[in-house]
Amino acid sequence: MQRPKPPFRADHVGSLLRPQRVKDARARFARGEITAAELQRVESLEIGKIVQKQKQSGLRLATDGELRRSWWHFDFLKHLAGCELHKTDGIQFNGMTTRGESIRVTGKLDFPASHPMIGHFKLLTDKCDLAGILPKMTIPSPSLLHYRGGRSAISQEAYPQIDDFFIDLAKTYRKAVQAFYDAGCRYLQFDDTVWGYLCSEDQRAKLRGRGEDPDALPAVYARVINYAIAERPADMTITTHVCRGNFRSTWISSGGYEPVAETLLSRVNYDGYFLEYDTDRAGGFEPLRFLPKGNKIVVLGLVTSKTGALEPRSDIRQRVMEAAKLVPLEQLALSPQCGFASTEEGNILTEDEQWAKLRLVADVATEVWGTS
């Protein structure tokens with residue numbers, strides 16, 4: 001049951017541990033010891049290596065590992081017109097706090113032709129062409145720009161009416177989708193922690209505390225996303241990845257997908273959904289019943305990216321078959337539950353353990369579907 005297009009039976013979310021050469025080069029750049037061009041040269045060399053390693057792991061796709069980024073989301077969002085990075089108290093995870101940075105909207109939104117990630121994708125394509133593998137680009141979902149700071153992080157002068165913000169946000173992302181397509185992208189992913197947070201009673205209470213209605217937001221985000229991806233060409237696949245936080249192997253939220261499953265799986269027009277399922281914090285497979293029969297794919301995140309210990313193959317196969325009681329096997333695939341380094345600090349495992357995890361995904365996919 002080989003899939004002719006992504007998501008593939010064996011897939012992965014996107015980010016990879018930063019090689020030591022990249023970490024060293026970023027530190028030297030921060031100290032003013034090397035130029036931006038020298039940093040980019042090191043990053044490009046290491047991206048070429050990890051593209052080859054992804055192929056060697058048995059995958060049919062490759063990302064740039066997000067090696068050029070510090071954050072999985074802010075590095076994209078800060079280059080949108082009308083957005084800027086600013087200092088905050090950091091994001092609180094389970095027992096750990098991130099660096100004190102966040103994003104805010106200071107003016108009218110737009111997607112600029114000069115956005116650096118278009119260039120990043122083109123460089124990834126060059127590496128993938130050499131390896132004979134499909135390039136996959138990952139960007140944060142538009143919902144993140146609202147959820148992270150809420151109304152207080154959106155300029156009242158630029159957007160006195162919040163509905164106008166959502167309209168411009170949708171238009172901005174539609175331009176981004178077209179720009180990536182024009183650059184050759186045929187596999188694009190919107191990474192999105194918001195749907196996972198909306199499954200958490202703690203996060204829902206925090207939303208109410210800042211004046212938001214957690215029951216109303218899913219429909220708002222669905223409209224924005226559907227507008228953003230509505231005009232994608234037929235040969236472009238757009239997926240999403242949903243998790244509950246990933247920083248230094250810690251997490252933010254808990255709760256099964258039931259509160260958002262019907263909207264997310266039935267009403268948001270993605271081609272595929274990478275869903276976290278590595279711990280009981282994500283609940284059971286029952287919400288998958290809302291996936292329409294047809295072409296949509298659920299990629300089961302059954303292999304954790306938070307620790308290096310390998311899951312028993314038999315356990316993974318068994319869980320895939322449990323999910324197949326609710327969703328046809330041909331509408332399922334397999335991946336790690338998240339990236340290995342949502343921020344440049346990375347999760348607490350080694351590079352060798354990371355690559356072993358990806359080989360495990362490819363091997364189990366071949367056992368279950370006869371192909372990766």
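Any chance you could count how many residues in segment 91-120 are at pLDDT below 65 and open to solvent by less than 30 Å² (accessible area, probe 1.4 Å)?
3
Restricting to segment 5-23, give me the number of residues that are in contact with a helix residue (DSSP H, G or I) (Cβ under 7 Å, 6 or more places away or on another chain) and crowded, with 22+ Cβ neighbours inside 10 Å.
The total comes to 5.
Report, ordered by the first and then the second residue, all pairs with beta carbons closer than 6 Å, sequence separation of six or more or different chains, a first member in segment 104-133 that is among the charged types (D, E, K, R), and a second member that is open to solvent by less than 30 Å² (accessible area, probe 1.4 Å) and not in a loop (DSSP other than H, G, I, E, B).
What qualifies is Arg104/Ala153; Lys108/Gly82; Asp110/Thr172; Lys127/Ile47; Lys127/Gly48; Lys127/Val51.
Taking Ser141, is it closer than 27 Å to Glu258 by Cα, at pLDDT 95 or above and in contact with a strand residue (DSSP E or B) (Cβ under 6 Å, 6 or more places away or on another chain)?
Considered against the rule, which asks whether it is closer than 27 Å to Glu258 by Cα, at pLDDT 95 or above and in contact with a strand residue (DSSP E or B) (Cβ under 6 Å, 6 or more places away or on another chain), Ser141 comes out as yes.
Does Gly283 count as surrounded by 15 or more Cβ atoms within 10 Å (Cβ to Cβ) and out of contact with any strand residue (DSSP E or B) (no Cβ under 7 Å at 6 or more places or on another chain)?
Yes; evaluated as a whole, the condition is true for this residue.
Residues checked against (1) within 20 Å of the chain's Cα centre (by Cα); (2) within 22 Å of Phe190 (Cα to Cα):
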position: Glu262; (1), (2): no, yes
position: Val268; (1), (2): yes, yes
position: Thr279; (1), (2): yes, no
position: Phe290; (1), (2): no, yes
position: Ile297; (1), (2): yes, yes
position: Leu300; (1), (2): yes, yes
position: Ser305; (1), (2): yes, yes
position: Gly308; (1), (2): no, no
position: Glu311; (1), (2): no, no
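Is it fair to say Leu310 is buried (at least 17 other Cβ atoms within 10 Å of the Cβ) and either at pLDDT 95 or above or in a helix (DSSP H, G or I) (or both)?
Spelling it out, it is not the case that Leu310 is buried (at least 17 other Cβ atoms within 10 Å of the Cβ) and either at pLDDT 95 or above or in a helix (DSSP H, G or I) (or both).
Within segment 333-364, count every residue that is closer than 18 Å to Asp192 by Cα, part of a loop (DSSP other than H, G, I, E, B) and among the hydroxyl-bearing types (Ser, Thr, Tyr).
The qualifying residues number 1.
The values are calculated or read from the model by the stated rules, or taken from the named source; none is laboratory data. Small disclaimer: the values here were computed from a predicted structure and weren't measured. No Cβ is skipped: glycine too gets one built from the backbone with ideal geometry, and neighbour counts run over all protein chains shown. For accessibility, only protein heavy atoms count, side chains too; no ligands or nucleic acids. Shrake-Rupley method; radii C 1.70, N 1.55, O 1.52, S 1.80 Å.
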